[in-house]
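K.L.:
Below are the structure tokens for one structure; questions will follow.
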Amino acid sequence: MRLSVRSVLGITWLRLWFGFVCLSVAVVPDRAAAADPGSLMSHRIDELLKVMTLEEKLGQLTQQAGSEVQDDNPVTKETKEADFLEAIRAGRIGACLGAHGAAYTNRLQKIAVTESKHGIPLILGNDVIHGYRTIFPINLGEASSWNPEQIERASRVAAIEASAAGTHWTFAPMVDVCRDPRWGRVAEGAGEDPYLGSAIAAARVRGFQGHDLSARDTILACAKHFVAYGGAEGGRDYNTVDISERTLREVYLPPFRASVEAGVGTLMSAFNEINGIPASGNRFTLKDILRVEWKFDGFVVSDWTSVTEMIAHGFASGDADAAEKAFGAGVDMEMSSFTYRTHLGEAVARGRVSEQAIDEAVRRVLKAKFQLGLFDRPFVDAEREKRLLVCDEHRAVAREMARQSIVLLKNENRILPLSDSEKKSIAVIGPLANSRKDPLGTWASVGKPEDVVTVLEGIRERAESAVLVNHAEGCGVSSASRDGFEEAVELAKQSDVVILVVGESEDMSGEAHSRSTLDLPGVQRDLVQAIHATGVPTIVVLMNGRPLSINWTAANVPAILEAWHLGVECGHAVADVLFGDFNPSGKLPVTFPRRVGQIPIYYNHKNTGRPPSDERWTSKYIDLPSTPLYPFGYGLSYTTFEYGNMNIE
Ligand code: NOJ
């Protein structure tokens with residue numbers, strides 16, 4: 001009852017207010033404004049800023065997590081939800097993350113536009129990293145295609161689905177260059193090369209944002225994590241980064257610059273510190289480089305609580321200081337901590353932050369909302385959402401992306417592709433062979449295991465009906481048990497060929513999932529050895545989120561496919577390559593070390609005065625070759641070709 005009275009009052013107020021703004025737009029500025037949408041928008045923003053209180057302005061600079069399923073306890077959930085909805089109604093939140101689906105996002109948006117004083121729509125952000133519901137290969141996999149056009153198509157599909165479900169803004173592309181595969185977030189990026197990373201960053205921005213942000217199927221992109229997050233010491237997530245300005249500019253900044261040049265609307269400031277200053281309080285990167293040098297005119301959002309984490313960094317003395325430092329450095333919007341709305345009002349009163357600076361930040365946020373068309377079309381159509389999510393057309397793009405992401409690492413005696421006529425029985429073995437969850441990869445948004453075609457299913461579907469396709473797990477991904485070996489070995493012995501699917505589960509890479517070794521987890525290497533010992537021709541399919549040091553497998557098993565976590569079309573894509581329906585074309589976007597001790601190892605390292613050689617006093621290890629297991633750019637195909645008559649221009 002209370003709600004409906006409030007809503008009616010809110011709607012009435014909103015109508016009056018809109019009437020006023022429309023009237024003033026029509027009569028006040030001038031004819032030029034009416035003819036020029038840019039100046040019309042800035043006029044509407046000016047009008048809003050005139051009537052907003054400082055508290056309401058700080059609300060626009062606050063992003064709060066709010067999902068329907070955040071809390072399983074119905075009692076606390078209700079209270080929390082009531083608080084959350086009230087904060088939207090009161091204008092204390094301008095942006096949310098974690099809200100999914102047309103029904104729920106429309107519900108939140110309705111409160112913002114019909115029950116809040118100024119009717120300013122929310123901007124709803126989510127991590128649409130490698131697909132929304134139609135899950136694509138992890139980003140490192142997509143980068144293996146070296147095909148920005150296809151990656152742009154994949155991002156387009158993600159934007160179409162996400163926007164249909166009420167998401168306006170994705171926290172992607174993740175454009176962190178990474179030279180340390182221990183870092184779990186290597187899975188989310190485009191690998192080690194600034195140039196390839198820049199081309200892919202720009203492609204993803206184009207794919208998400210399209211040509212017209214106000215179209216109903218485009219979303220705002222967010223290049224993250226600004227900056228040098230991938231340089232974490234020891235590959236340990238969130239760790240300190242200490243690099244020269246030269247390395248910053250030559251290695252870590254280029255993909256961000258490419259994103260800005262491609263028109264990215266937002267950037268996210270990172271968790272890490274750079275040379276002693278946290279990235280979320282770093283004027284040099286956020287102002288001098290981003291605003292002054294690059295003329296970026298979108299807005300910057302902090303990473304999740306990275307503003308308050310500056311206290312633990314030892315950089316801010318408390319919440320109020322953190323707010324001033326982050327805002328002063330150039331972070332416009334705070335994600336999931338609330339120091340801006342709690343402390344910046346006081347900072348303005350004490351003259352430590354100017355209200356004009358707050359207005360500029362709010363202006364940038366409102367501009368994004370106008371550009372997205374949220375004032376004119378705040379709601380989404382639930383029917384459209386139903387029609388589009390994981391539709392056949394989107395799956396077709398995912399299949400193409402997945403097969404282009406596969407890298408053929410070894411193919412001795414041309415054991416691949418499999419020829420149907422010779423093989424009467426195929427054993428599909430390994431803990432990942434029939435996994436439905438793991439192919440979804442580290443950041444599967446609202447992806448569902450039931451959408452996934454497993455490797456076993458893909459092979460069964462493709463193999464001729466006379467061919468027997470059997471399966472045994474052999475072992476778990478990381479368990480120490482060898483109990484399943486016997487069954488797997490027996491199955492292998494009865495088969496003409498073995499497809500052995502090993503690697504990492506989806507939760508072994510991604511945020512806060514760094515590893516100290518790059519070996520196959522658990523007893524999987526022993527399983528590979530046991531199957532190999534049967535003498536039955538064996539093809540290893542790797543499913544993983546980072547480079548792995550698979551030295552024994554590389555030396556002994558005749559064929560290896562690097563399949564990463566390939567998304568919903570995993571099984572089809574792997575079968576396409578195994579059976580030769582698709583000629584593998586992927587190339588590694590990142591170096592595979594022989595051993596962790598070689599890290600950092602990357603292709604574009606500088607020469608030393610003593611390049612490695614057999615001689616004693618050179619730059620090398622005494623217990624390991626200085627070359628990688630597989631270099632950056634490596635990848636075979638079923639064709640053979642030679643490069644010739646090359647000239648340098
Ligand atoms: C923290 C992650 O670092 C960032 O990539 C992500 O976008 C935010 N959380 C929001 O989920």
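The values are calculated or read from the model by the stated rules, or taken from the named source; none is laboratory data. Predicted model, so just to flag it, every value in this text is computed and none were measured. In this analysis, Cβ positions are derived from the backbone assuming ideal geometry, glycine residues included, and neighbour counts consider all displayed protein chains.
K.L.:
Any idea which of LEU527, LEU588 is surrounded by 24 or more Cβ atoms within 10 Å (Cβ to Cβ), closer than 30 Å to LYS620 by Cβ and at pLDDT 95 or above?
P.N.:
On the way: LEU527 fails: closer than 30 Å to LYS620 by Cβ.
Criteria check complete, one pass: LEU588.
K.L.:
Exactly one of (1) out of contact with any strand residue (DSSP E or B) (no Cβ under 6 Å at 6 or more places or on another chain); (2) within 14 Å of the ligand (Cβ to nearest atom) is unmet by GLY189. Its number?
P.N.:
GLY189 satisfies all of (1) out of contact with any strand residue (DSSP E or B) (no Cβ under 6 Å at 6 or more places or on another chain); (2) within 14 Å of the ligand (Cβ to nearest atom) except (1).
K.L.:
Here is a further query. For the stretch 188-204, indicate whether the set of residues that are under 22 Å from LYS369 (Cα atoms), surrounded by fewer than 22 Cβ atoms within 10 Å (Cβ to Cβ) and among the charged types (D, E, K, R) is non-empty.
P.N.:
no
Yes/no per residue for (1) on the phi > 0 side of the Ramachandran plot; (2) at pLDDT 55 or above; (3) assigned to a helix (DSSP H, G or I):
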residue	(1), (2), (3)
LEU9	no, no, yes
TRP13	no, no, yes
LEU23	no, no, yes
ASP46	no, yes, yes
GLN63	no, yes, no
VAL75	no, yes, yes
LEU85	no, yes, yes
ILE88	no, yes, yes
GLY91	yes, yes, no
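K.L.:
Can I ask one more? Considering every residue within the stretch 554-563, establish whether at least one is touching a residue at least 12 places away in the same chain (Cβ under 8 Å), more than 28 Å from VAL390 (Cβ to Cβ), assigned to a loop (DSSP other than H, G, I, E, B) and away from the ligand (no atom under 16 Å from the Cβ).
P.N.:
Taking every residue of the stretch 554-563 in turn, at least one turns out to be touching a residue at least 12 places away in the same chain (Cβ under 8 Å), more than 28 Å from VAL390 (Cβ to Cβ), assigned to a loop (DSSP other than H, G, I, E, B) and away from the ligand (no atom under 16 Å from the Cβ).
K.L.:
Checking the conditions here, which among THR308, THR218 is touching a residue at least 12 places away in the same chain (Cβ under 8 Å), surrounded by 15 or more Cβ atoms within 10 Å (Cβ to Cβ), within 16 Å of the ligand (Cβ to nearest atom) and more than 27 Å from PRO181 (Cα to Cα)?
P.N.:
THR308
K.L.:
Filter the stretch 356-388 for residues that are farther than 22 Å from LEU40 by Cα and under 25 Å from the mean Cα position of the chain (by Cα); which is surrounded by the fewest Cβ atoms within 10 Å (Cβ to Cβ)?
P.N.:
Filtering first and then ranking leaves ARG387.
K.L.:
Something else: When only residues in the stretch 158-186 that are polar (S, T, N, Q) and in contact with a strand residue (DSSP E or B) (Cβ under 7 Å, 6 or more places away or on another chain) count, which is surrounded by the fewest Cβ atoms within 10 Å (Cβ to Cβ)?
P.N.:
Checking each candidate, the answer is THR170.
K.L.:
Right, next: Looking at (1) more than 30 Å from the chain's Cα centre (by Cα); (2) under 29 Å from GLU457 (Cα atoms); (3) polar (S, T, N, Q), which one does SER637 not meet, given that it meets all the others?
P.N.:
Result: SER637 fails condition (1) only.
K.L.:
Test each condition in (1) crowded, with 24+ Cβ neighbours inside 10 Å; (2) within 16 Å of the ligand (Cβ to nearest atom); (3) in contact (Cβ under 8 Å) with a residue 60 or more places away in the chain for LEU97 and report the one that comes out false.
P.N.:
The failed condition is (1).
K.L.:
Report whether or not ILE123 is aliphatic (A, V, I, L, M), surrounded by 24 or more Cβ atoms within 10 Å (Cβ to Cβ) and within 16 Å of the ligand (Cβ to nearest atom).
P.N.:
yes
K.L.:
What residue, of ARG246, ARG236, is away from the ligand (no atom under 14 Å from the Cβ), free of Cβ contacts under 8 Å to residues at least 12 places away in the same chain and surrounded by fewer than 24 Cβ atoms within 10 Å (Cβ to Cβ)?
P.N.:
From the options ARG246, ARG236, the qualifying one is ARG246.
K.L.:
Those residues that are more than 16 Å from the ligand (Cβ to nearest atom) and of a type outside the set (A, V, I, L, M, F, W, C), I need them from the stretch 44-66; list them, please.
P.N.:
ARG44, ASP46, GLU47, LYS50, THR53, GLU55, GLU56, LYS57, GLY59, GLN60
K.L.:
Oh, and also: Anything in the stretch 126-174 that is in a helix (DSSP H, G or I), among the small types (Gly, Ala, Ser), within 16 Å of the ligand (Cβ to nearest atom) and within 20 Å of GLY191 (Cα to Cα)? List them, or say none.
P.N.:
SER155
K.L.:
Do you know which residues across the stretch 129-156 are hydrophobic (A, V, I, L, M, F, W, C) and surrounded by fewer than 24 Cβ atoms within 10 Å (Cβ to Cβ)?
P.N.:
Residue satisfying the conditions is TRP146 alone.
K.L.:
Count, please, the residues in the stretch 175-186 that happen to be touching a Lys or Arg at 6+ places or on another chain (Cβ under 8 Å), within 16 Å of the ligand (Cβ to nearest atom) and in a loop (DSSP other than H, G, I, E, B).
P.N.:
Final tally of qualifying residues: 4.
K.L.:
Consider only pairs whose beta carbons are under 9 Å apart and that are at least six residues apart or on different chains; among these, list those whose first residue lies in the stretch 517-536 and is basic (Lys, Arg) and whose second residue is surrounded by fewer than 19 Cβ atoms within 10 Å (Cβ to Cβ).
P.N.:
Going by the 9 Å Cβ cut-off, the qualifying pairs are ARG525/ASP519; ARG525/TRP552.
K.L.:
Shifting gears a bit: With respect to the numbered conditions (1) within 16 Å of the ligand (Cβ to nearest atom); (2) touching a residue at least 60 places away in the same chain (Cβ under 8 Å), which one is the sole condition not fulfilled by LEU267?
P.N.:
Here LEU267 clears every test but (2).
K.L.:
Right, here's the next one. Output the qualifying pairs, or none if there are none: Cβ atoms under 8 angstrom, residues six or more apart or on different chains, first residue in the stretch 29-44 and under 18 Å from GLY373 (Cβ atoms), second residue modelled with pLDDT under 80 and part of a loop (DSSP other than H, G, I, E, B).
P.N.:
From the stretch 29-44, the pairs are SER39/PRO29; LEU40/PRO29; HIS43/VAL28; HIS43/PRO29.
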